[in-house]
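All remarks here apply to the structure that follows.
Quick note: the coordinates plus some simple rules give every number you see, no bench work behind them. Keep in mind that what you see is a predicted model, and the values were worked out from it rather than measured. Using ideal geometry, Cβ is built from the backbone for each residue, glycine included, and neighbour counts are taken over all protein chains shown.
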Amino acid sequence: MKKYIILLLLFCVKSAFAQVIPDSVDLRNNSYYVMFENNVPAGNKFQIARKWFATNFQNYRDIIVKEDPRACKIVLKPLVLYKSDPYSKCYLSTELTFECTKTQFSLKFDNVKKRAAFSTIANLESADTVYQQSKFTTDVEIGRYRRYHELKGKTAPTADELKEMKNYAYFDEYTEDALRKENMANYSELQKIVAEIVNMLKLTLEE
């Protein structure tokens, strides 16, 4: 019994160290790439991954960009729901590429975005208003925030400046501190969901 407990603890430690930690997922360029050693035959890895995607991603057939068994490559454009309430839904939007050989497999996330769909007042089931945030660098958002307030302070803004102000009007709802906190929260949430996808597929391929 004691031997079994020790082996179990060793397995847990190994599993913990083998996982991708959310904080290590760098999405600052809206992309992420990770590769693992794996000696399961390439064809088997491809079929296991294909089944996993089909089980875990909605409308699998509709989100396929490429599925090539000979090259052992799958490219998808999933929209992964990770937070929901009666008024809004948050999705991870990305182009996801899976590739494998007889000794390894890799996952690449390109064009990573948070997509938030807000229900309209007239119809709580619809999600017609979609906000996409493609840049997560806090300094970029803070720069836009300050630019917006600079433009608001002008007594006679030009037509182009008025147009620019309109694009940034959502900043009226924020203080700078609140914007920093929300931006980092968005970034952390996407780090977490990307790591979760990687870890779940990795675990499935290693079983």
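Going by average Cβ density within 10 Å per residue, which order do the peptides 168-175, 197-204, 19-26 take, highest to lowest? Display every interim value, and only then the final one.
On the way: 168-175: 12.2, 197-204: 16.8, 19-26: 14.5.
Ranking, from highest mean packing down: 197-204, 19-26, 168-175.
So for the stretch 36-79, considering every pair of alpha-carbon atoms, how many percent are separated by more than 11 Å? Working shown, then result.
Numbers: 621 of 946 pairs.
Value for the stretch 36-79: 66 percent of Cα pairs lie more than 11 Å apart.
What relative contact order, as a whole-number percentage, does the stretch 12-109 give when Cα pairs under 8 Å and 6 or more residues apart are counted?
Numbers: 139 pairs, mean separation 29.7, N = 98.
Worked out over the stretch 12-109, it gives 30 percent.
What order, most packed first, do the peptides 97-107, 176-186 have when packing is the mean number of other Cβ atoms within 10 Å of each residue? Walk me through the intermediate numbers first.
On the way: 97-107: 17.6, 176-186: 14.0.
The most tightly packed comes first, giving 97-107, 176-186.
Considering the convex hull of the alpha carbon atoms of the stretch 131-206, report its projected area averaged over all viewing directions, in nm², one decimal. All intermediate terms of the calculation are to be shown ahead of the outcome.
Details: hull surface 25.0 nm².
Directional mean of the projected Cα hull area for the stretch 131-206 stands at 6.2 nm².
What is the gain in length, in nm to one decimal, between ARG70 and SER106 on full extension, counting 0.36 nm per residue of separation less the C-alpha to C-alpha distance? Can you show the working numbers first?
Working: separation 36, 0.36 × 36 = 12.96 nm, distance 1.60 nm.
Length gained, ARG70 through SER106: 11.4 nm.
Want the number for SER31 to GLU189: 0.36 nm per residue separation, take away the alpha-carbon distance, what's left? Before the final figure, lay out the partial values.
On the way: separation 158, 0.36 × 158 = 56.88 nm, distance 1.46 nm.
Going from the current span to full extension adds 55.4 nm.
Based on Cβ point charges of +1 for Lys and Arg and -1 for Asp and Glu, what charge dipole magnitude is obtained for the stretch 67-110 about its Cα centre, in debye rounded to the nearest 20? Mind dumping the intermediate values first?
Details: 7 positive and 6 negative charges, 17 e Å.
The dipole of the stretch 67-110 has a size of about 80 debye.
Would you kindly state how much longer the chain becomes between ILE21 and TYR82 on full extension, computed as 0.36 nm times their sequence separation minus their alpha carbon distance, in nm to one decimal?
Details: separation 61, 0.36 × 61 = 21.96 nm, distance 1.75 nm.
Between ILE21 and TYR82, full extension yields an extra 20.2 nm.
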